[in-house]
Amino acid sequence: MSVGRSLTLSRILLKARTPSHRSAKQSASNTMLGLKMMSTPAAHFHTTRLQPGHSTRDGDELSQPLEPADLRSFWDKLRPEQPTPSPKTDLDIGALRDLLSTIIHKKANGAVAMELHTQQCCSLYESLDNAQRTEFLHTLAHEFCAPKGKALEAASAYVEGVKQSEDPAQNAHLARVLRDSLTPQYTELFDQINRLANGFAFLVHMRADMLAHIRTNRDDTACRAMSDALMKKLETWIIGTLDLKRITWNSPACTIEKLGQYESVHAVKSWLDVKRRLGSSRRCFGFFHRSVPMEPLVFVWVALTDSITSNVQSILRDREPMGSEHDASCAIFYSINSQPGLSGVDLGNFLIKRVVRVLRADLPNISTFCTLSPLPRFRSWLEQWLAECLASPPSNIVSTQAAKQLLALVPQATTWTAALKHIMDSRGWTSDQPTLSAMEPAVRALGAHYLVNVKRGSNCAFDPVANFHLRNGACLHRVNWRGNSSYNGLRQSLELMCNYNYVLDRIEQNNERYVRDGTIAVSGDDPYIARAMAQNAKL
């Protein structure tokens, strides 16, 4: 890093915040224990580097995009000197089996020896590259699962014992033996790691590695079962250990860095982008585990507005938010993110409810709690649906007028579905106003149909974001055309977004009806949602 770049970074960070002594001390302590947090691939900020000789005014420093690597390098110089990591070596599978067996079967003499072996196992795992970690996880999942022979023997003993004895104590003992034999052996390793300082965070990142492996090796059912078992463990350990905190521009730098690293909905582009999202009429809240107080497990971004927002760029690029937060009437939840290793652990539901409670206490003027949410699978579903309906489209989803508008744009098309596919496959249609005007009614109608009528199973909405909010008791409020005009919005959902409205006195009733029979609650007067609901009633 050049001297000029280093000085600019120093000025920015020293203006923003000063690292706490406790944070530096804790980081050094964690490293000595061999439990330094595993590095998750960072979602690099989009950068445009300064040309040689280009200077900036002091007031422009925050607008210079910085990479997470720059921030880490700066803080590393302030932390106590850490031992140089040993060079990576080949993974000895035999030695790994012995180490895992010692921990899982409790062969070590005493609690201290067991803790040292567990620390050694964690240090070994962190020293491995991705391919070696896959070998580690494969060995753990396949060789330390529930032994089939032992489970069959315990099941037979239980059946015979229950037939021959009516002693409750004896039957309870046999049931416990059977339950233990059906429990995978690797769960003991998870229990031992969780007892270590920062062990919970280690397991969260280990599960992220499991999920990454499963995505490219879908046939590895043993690893999938191990990931599910660890997820259940994490759910159990989280209960009673989470603290809700508001994240501000004055929060520790390492915490703010994680916001950019884990943001998966609307990419963080620069430090000015972060500062704007944490500024006036904006909120960010996160759940923190007590063993990892600087790293949010799940967090939500909130914009305070005077109406229900229909476009996310108006939030992300708003350089002059409304004057006073006490003039706001709506809280817009526009992005919820969690660490990859906590996928499947339902923390977002609890986070939204807690944040609503905090906002109502702090700002009684807020009366509407609504989301501005993506439709992440809409375009992929639509492309497949169009391929099936190209020659004979249904007549009840899109209005006759909307179909005629599409056909007028593509005279060679014989059906409105063919016309729509032709436009979607063409380049530059998002910059042509007549095309946009013709596309809007058709795409909004299809988006409403997708949210209301396309199901996963018998009752659940196919769209995962819709299912999340509807299951939590929200109302489907409005489908927004050009709600996200970014490249990612076009790629995922043809720029559609949706508002889900949390009407507080209807949440419990909405949740019960949706879980029971898939009934979707509606608020507002969106005509496209009304049309889709009428179709749903006929179905």
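The values are calculated or read from the model by the stated rules, or taken from the named source; none is laboratory data. Owing to the predicted nature of the structure, the values given are computational and were not obtained by experimental measurement. As a convention, Cβ positions derive from the backbone with ideal geometry for all residues, glycine included, and neighbour counts pool all protein chains shown. Heavy atoms of the whole protein, side chains included, go into the accessibility calculation; ligands, DNA and RNA do not. Shrake-Rupley method; radii C 1.70, N 1.55, O 1.52, S 1.80 Å.
Miscellaneous remarks
- Note on region 221-313: with neighbouring protein chains present and a 1.4 Å probe, carbon and sulfur make up 53 percent of its accessible heavy-atom surface.
- With a 1.4 Å probe rolled over the protein heavy atoms of all chains, the accessible area of T221, T417 falls in the order T221, T417, largest first.
- Ranking S395, S165, S307 by solvent-accessible area of protein heavy atoms (1.4 Å probe, all protein chains present), from largest to smallest, gives S395, S307, S165.
- Shape call, region 305-434: gyration tensor on alpha carbons, a/c limit 1.5: prolate
- Eligible aspartates and glutamates near K421 by straight Cα distance, threshold 17 Å, same-chain separation 8 or greater: E383, E388, D432, E440, E495
- Ordering of 174-180, 204-210 by packing [mean C-beta count within 10 Å, highest first]: 204-210, 174-180
- If you wrap the tightest convex hull around every Cα atom of region 93-158 and split its volume per residue, you get 96 Å³.
- Within the full protein context, the accessible area of Y528 is estimated at about 50 Å² for a probe radius of 1.4 Å.
- Unsatisfied cross-links (Cα-Cα over 28 Å) in the set K233/K455; K148/K233; K107/K232; K232/K455; K107/K150; K353/K455: K233/K455
- Computed over region 225-322: relative contact order in percent, which uses C-alpha pairs under 8 Å that are six or more apart: 28 percent
- Charge tally in the Cβ shell below 15 Å around N349, where Lys, Arg are +1 and Asp, Glu are -1, N349 excluded: 0
- Remark: the Cα gyration tensor places region 469-539 in the prolate category, a/c being 1.5 or greater and a/b exceeding b/c.
- Contact order for region 301-367, expressed relative to its length and based on alpha carbon pairs under 8 Å spaced 6+ residues apart, stands at 41 percent.
- The listed residues F202, F468 rank as F468, F202 when sorted by accessible area, largest first, using a 1.4 Å probe.
- Based on Cα contacts under 8 Å between residues 6+ apart, region 145-203 shows a relative contact order of 40 percent.
- Estimated translational D of region 119-266 in µm²/s (Stokes, Kirkwood radius over Cα pairs; 25 °C; 0.890 mPa s): 134 µm²/s
- Listed by chain and number, the aspartates and glutamates placed with their C-alpha closer than 13 angstrom to that of K106 are D98, E115, E188, D191; residues fewer than eight positions away on the same chain are left out.
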